[in-house]
Amino acid sequence: MEGESTNTSQVERAIQGDYQFSPLEAFSRGRELTEGSKWPLNKALAIAFVVLIVVYGVFVGFPNSLITANPDSSLYLVLGLLGQLIYSAAMLPINTSFTLIGAKRAAGGDIDQAMLWAYFPKTLKLLGTYILIAIAVVVGLMLLIIPGIYLAFSYTFALVLVADKDLGVWEAMETSRKAISKRWFSFAGLLLLLGLVNLLAIIPLGIGLIWSIPWTIITMGEVYRNMFGYEA
């Protein structure tokens, strides 16, 4: 009960903007924490990549080939949509787990590859959150673009809050939006900085991604931990 109360109070403080956040400090801290973590984190990334490639090939690639060969078949179109849904259901828990893997490392824990599968019981909530975020961002982009950009950044931690804090779909979205909005420009600056680092890492045949992706994951985990709290 005490741990649950602590998590709740931390979330409430985040909504009020009562947290420490500096883009450059988070960026630097992420780099420091990456030392000694690259190999286990890259191993987890490789496992996730292989699993998702197989799922994509079976449930998306194969139905798409059937649709191409039979463009007038409504059955294959339905299979294609179902395949996309299954792929998203596999992708979301795995992708979400990486921020929490980074948060655990930031909290002093080790890289835990078992966390890749820990959030599959929340797949439906994650899928519902993802769909609602996509709708909100698209509508926002249609309304002079700027609202869509604002929401895209503001909902960054919505899926993570569903997985970690077990918040409801709308509650997670609003919690993420309200907390990030208190430091929106700083947060957007950090995301753009991380994006630039990964872009530069691609240039030498993508070899730099071995360093930049773990750096990005742990940095985002550090930011999440500072905002909403996380205990290893």
Checked region 100-162 with the C-alpha gyration tensor, a ≥ b ≥ c its square-rooted eigenvalues, rounded below a/c of 1.5, otherwise prolate if a/b is larger than b/c and oblate if not; verdict oblate
On the accessible surface of the chain, probed at 1.4 Å with all protein chains in place, carbon and sulfur together account for a percent value of 68 percent
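Lysine pairs in the chain 8 or more apart or on different chains: how many have alpha carbons under 18 angstrom apart? Walk me through the intermediate numbers first.
Numbers: Lys38/Lys104; Lys43/Lys104; Lys104/Lys165; Lys122/Lys165; Lys125/Lys165; Lys165/Lys178.
Eligible lysine pairs with Cα atoms under 18 Å apart amount to 6.
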Heads up, region 41-175 by the C-alpha gyration tensor (a ≥ b ≥ c square roots of eigenvalues; a/c under 1.5 rounded, else a/b over b/c prolate, else oblate) looks oblate
Checking Pro23, Pro204, Pro214 against a Gaussian network model of the chain (alpha-carbon springs below 10 Å), the top fluctuating residue turns out to be Pro204
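For region 145-232, what's the relative contact order in percent, using C-alpha pairs closer than 8 Å and at least 6 residues apart?
Values: 50 pairs, mean separation 17.8, N = 88.
Over region 145-232, the number comes to 20 percent.
Shape call for region 153-214 from the C-alpha gyration tensor, a ≥ b ≥ c root eigenvalues: rounded (a/c under 1.5), prolate (a/b greater than b/c) or oblate?
Values: a/c = 4.41, a/b = 1.99, b/c = 2.21.
Oblate, because a/c is 1.5 or more while a/b does not exceed b/c.
Using DSSP loop states and a limit of at most 16 other Cβ atoms within 10 Å to flag GluC sites (Glu not before Pro), what is the longest stretch of the chain containing no flagged site? Could the numbers behind the result be given before it?
On the way: sites that count: Glu35, Glu231.
Here the longest run is 36-230.
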With the dipole of region 150-232 defined by +1 on each Lys or Arg Cβ and -1 on each Asp or Glu Cβ, the option from Tyr230, Leu151, Thr175 whose Cα lies farthest towards the positive pole is Leu151
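The values are calculated or read from the model by the stated rules, or taken from the named source; none is laboratory data. Everything numeric here is computed off the predicted structure, so don't read it as measured data. We place every Cβ from the backbone using ideal geometry, glycine too, and count neighbours over all the protein chains shown. The area values use the complete protein model at the heavy-atom level, side chains included, leaving out ligands, DNA and RNA. Shrake-Rupley method; radii C 1.70, N 1.55, O 1.52, S 1.80 Å.
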